[in-house]
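The values are calculated or read from the model by the stated rules, or taken from the named source; none is laboratory data. Small disclaimer: the values here were computed from a predicted structure and weren't measured. Counting neighbours? That spans all protein chains shown, and the Cβs are built from the backbone with ideal geometry, glycine included.
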Amino acid sequence: MLFPHINHLFKSLSLCFCLWLTQFSSDLSASGTTCNSNYEIKVLGLVEFVAINSPGSPQILSKALLDTGATHSAIHARNIVTQENIAGSSTVRFEIKDDQTGQWKTVQRPLTRYARVKTHHGSAIKRMVVTLPVQVGNLAGTSEFYLMNRQAFKYPVLLGRSFLRDRAVVDVSKQNIANRPLCMSLADR
């Protein structure tokens, strides 16, 4: 890049503007001015605890890397099995490791779609995608997750822009600034 300091300055100004906008909207709320809460932006750290709260499955607490450079989210899964039902739709059964207990927990979800993902080497591979409810602090929503082997990565969950967009900005200098999701055991409270 010809002017790397300009790119860094632009990123810093963008973060400052987002933080100012967050403060400005909370100042409006405090002054009695109504704000649409759908546009409340949270500030999260680069690494946060996330809860996967899939219906019919146990709650799972895991560490996640919040990556604004990634479009989609991904989760480390093993023993991935697809099943087609009578109606012709497919479900996926897989296991996710709960960082709180160290146990692998089974989750079953409808197959959302298949995605072709380009690897670092330039080749394309086909990955299964499921939609999972996810919670970071008090911020909850759903996101599509690629099911993949993330064993070589430091964090088993990667939350991309598809989850973060219009919900949060990421302060890369901080970690674990959101409250832990509510699925903690009594020993952790």
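Every residue, every condition in (1) β-branched (Val, Ile, Thr); (2) surrounded by 11 or more Cβ atoms within 10 Å (Cβ to Cβ), yes or no:
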residue: Ala74; (1), (2): no, yes
residue: Ala77; (1), (2): no, yes
residue: Glu84; (1), (2): no, no
residue: Trp104; (1), (2): no, yes
residue: Leu111; (1), (2): no, yes
residue: Thr119; (1), (2): yes, no
residue: Ser123; (1), (2): no, no
residue: Thr131; (1), (2): yes, yes
residue: Glu144; (1), (2): no, yes
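Please tell me if Ser90 is loosely packed, with under 10 Cβ neighbours inside 10 Å, among the hydroxyl-bearing types (Ser, Thr, Tyr), over 18 Å from the mean Cα position of the chain (by Cα) and over 17 Å from Tyr155 (Cα atoms). Here the answer is no, as Ser90 does not meet what is asked.
Within segment 143-171, the only residue that satisfies the criterion of being free of Cβ contacts under 8 Å to residues at least 12 places away in the same chain and of a type in the set (A, V, I, L, M, F, W, C) is Ala152.
Being within 15 Å of the chain's Cα centre (by Cα) and of a type in the set (Lys, Arg) is a property that holds for Arg165. Ser173 falls short on exactly one of the conditions (1) outside any loop (DSSP other than H, G, I, E, B); (2) modelled with pLDDT of 90 or more, and that condition is (1). Of all the numbered requirements in (1) closer than 16 Å to Val136 by Cα; (2) out of contact with any Asp or Glu (no Cβ under 6 Å at 6 or more places or on another chain); (3) assigned to a strand (DSSP E or B), Gln83 misses one, and that requirement is (1).
Of all residues in segment 113-140, how many are assigned to a loop (DSSP other than H, G, I, E, B) and either under 23 Å from Ala168 (Cα atoms) or touching a strand residue (DSSP E or B) at 6+ places or on another chain (Cβ under 9 Å) (or both)?
Going through segment 113-140, the residues assigned to a loop (DSSP other than H, G, I, E, B) turn out to be 119-123, 137-138.
Then drop every residue that is not either under 23 Å from Ala168 (Cα atoms) or touching a strand residue (DSSP E or B) at 6+ places or on another chain (Cβ under 9 Å) (or both), which leaves 119, 137-138.
Result for segment 113-140: 3.
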